[in-house]
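Remarks on the structure that follows.
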């Protein structure tokens, strides 16, 4: 006999957990299911553990920048095993904490692979369940690639669980994963290579600042090979031989490890969505702006599972999870607010953006005041020995409001939040500039950037 629920949530990441807790606390009968430990990509296999590993890279880089300025960095190195143990000190307790929080809100926690069997029915490892509604927040998986030997790569999850860091590492693709991991690996003594088939990596970020990041990456030993495609990967002794093609030239790179960093797609293929008449594609389930499936009214989606205008970020997923939950609870059609949401590549230093790119703003017809500033010589960066830093702020000349902000430099992952808040509230550049910040601090540089 099948169980019946008000809501079944598929995926115990941040979006799914937020929605399940909200609906469970409201008195609904809710279940949540995941085949993996509860917590999702961000907490267990992504942004949180990555940022812990980055701390080691930050310390090494900071000491090297102060070489000859009062700090002797000789002998300083990352103990990879200890750093990984520090990471596990955060990640290991997460699943149990997540489950306890859910059960405290009356949510039933299920473990196993979910698969739809009808419009309002699914199975979890052979057990049938019925529900009036479903929220799909199943996350993403590495994008399939077709070159020979692709199965020899590891993914980001595997990288974040490496017990030892090999000397030579090749990253496939020029996105977040490759750059962030390469910066960590370089400071840990490895020799990272990034192979990207495009002319410019990180194409969602300001091209001028990306070039600054590429130069800074090269200075710490990250080798970027642009407009280069992977032909094949084969085993070679204890490592791998990666055949790459740049133009008409084919060469082989010997490496100890190959990491998939070539993007991700929605993890929907195993859910048998066809049985529930749920339309979907690589970008997620086809949803209306209020996150309800366009083909099955019982189904909502959030995060990587939903094809929306939102960026593939954990905070966006949480917003969508909460909005979907509210819409289901109240039978309404509220839309997620994506304005003023920043994003960052946590290299060392980081690259951040919020709002439109310069080209996007001009293409949209805005009269753009581009305010570019090289901040490499500013006090905040001189103090720590950093010479590579800059900001580009886009202001609408017609009303003085911010169209976008793009930052590259130490602590700019924090500074970008001021711009995001200003954009969300519709503040002008002049109004933001009027803020008085603690001095001296990176935040006190804000007014001079405007």
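We did not get these values from a lab; they are worked out from the coordinates using the rules stated. These figures come from a predicted structure and were not determined experimentally. No Cβ is skipped: glycine too gets one built from the backbone with ideal geometry, and neighbour counts run over all protein chains shown.
Pop out the Kirkwood hydrodynamic radius of the range 150-262 from its pairwise C-alpha distances, inverse of mean 1/r, in Å to one decimal.
Details: mean 1/r = 0.0710 Å⁻¹.
14.1 Å is the Kirkwood radius here.
How would 23, 42, 47 line up from fewest to most surrounding beta-carbon atoms within 10 angstrom?
Details: 23 27, 42 21, 47 17.
Starting with the residue having the fewest Cβ neighbours, the order is 47, 42, 23.
Rounded to the nearest 500 deg cm²/dmol, what is the calculated helix-only ellipticity per residue at 222 nm for the chain, with -39500 (n - 2.57) per DSSP H run of length n ≥ 4?
Numbers: 13 runs with 133 residues, N = 450.
After summing the helix terms and dividing by residue count, I get -8500 deg cm²/dmol.
For the chain, what is the percent of antiparallel DSSP beta bridges, rounded to the nearest 5? Provide the component values of the computation, followed by the final result.
Working: 53 of 89 bridges.
Close to 60 percent.
Quick one: compute a quarter of the convex hull surface over the Cα atoms of the range 290-359 and quote it in nm².
Values: hull surface 23.3 nm².
Averaged projected hull area, Cα only: 5.8 nm².
Compute log10 of I(q)/I(0) for the range 174-330 with the Debye formula, placing one identical point scatterer on every Cα and leaving out solvent, at q = 0.11, 0.12 Å⁻¹, to two decimals.
So the normalised log intensities are -0.63, -0.71.
Based on other C-beta atoms within 10 Å, arrange 202, 7 from fewest to most. Before the final figure, lay out the partial values.
Numbers: 202 22, 7 27.
Least crowded to most crowded, the residues run 202, 7.
Can you tell me, using C-alpha contacts under 8 Å and at least 6 residues apart, the relative contact order of the range 150-262 as a whole percent?
It rounds to 35 percent for the range 150-262.
At what distance in angstrom do the alpha carbon centres of the range 81-160 and the range 316-337 lie from each other?
So the separation of the two Cα centres works out to 21 Å.
Return one number: the angle in degrees, 0 to 90 and rounded to the nearest 10, between the long axis of the Cα atoms of helix 412-425 and the longest principal axis of the Cα atoms of the chain.
Once rounded, the angle reads 60 degrees.
Out of (i) 45, 23, 22; (ii) 60, 38, 19; (iii) 37, 29, 21, which label holds the value of semi-axes √(5λ) of the Cα gyration tensor in Å that was computed here?
After the calculation, the listed value that fits is (iii).
Take the chain, connect every pair of alpha-carbon atoms lying under 10 Å apart with a spring to form a Gaussian network, then pick out the residue of 280, 439, 412 with the largest mean-square fluctuation.
The residue with the greatest mean-square fluctuation here is 439.
Would you calculate the separation in nanometres between label points at residue 117 and residue 331, each defined as 7 Å from the Cα along the Cα-to-beta-carbon direction?
Those two pseudo-labels are separated by 2.9 nm.
Nearest-5 percent of antiparallel DSSP beta bridges in the range 150-262? It would help to have the intermediate numbers written out before the result.
On the way: 15 of 28 bridges.
Beta bridges within the range 150-262, antiparallel portion: roughly 55 percent.
Based on the inverse mean of 1/r over its pairs of different Cα atoms, what is the Kirkwood hydrodynamic radius of the range 207-246, in Å? Working shown, then result.
Numbers: mean 1/r = 0.0825 Å⁻¹.
Value: 12.1 Å, from the Cα pair sum.
With everything on Cα atoms, drop me the angle between helix 14-25 and the longest principal axis of the chain, reported from 0 to 90° to the nearest 10.
Compared with the principal axis, the helix lies near 40 degrees.
Order of 141, 416, 136 from fewest to most other C-beta atoms within 10 Å?
Working: 141 17, 416 23, 136 34.
Final ranking by Cβ density, sparse to dense: 141, 416, 136.
What per residue convex hull volume, in Å³, do the alpha-carbon atoms of the range 349-449 yield?
Numbers: hull volume 8.4 nm³, N = 101.
Normalising the Cα hull of the range 349-449 by residue number yields 83 Å³.
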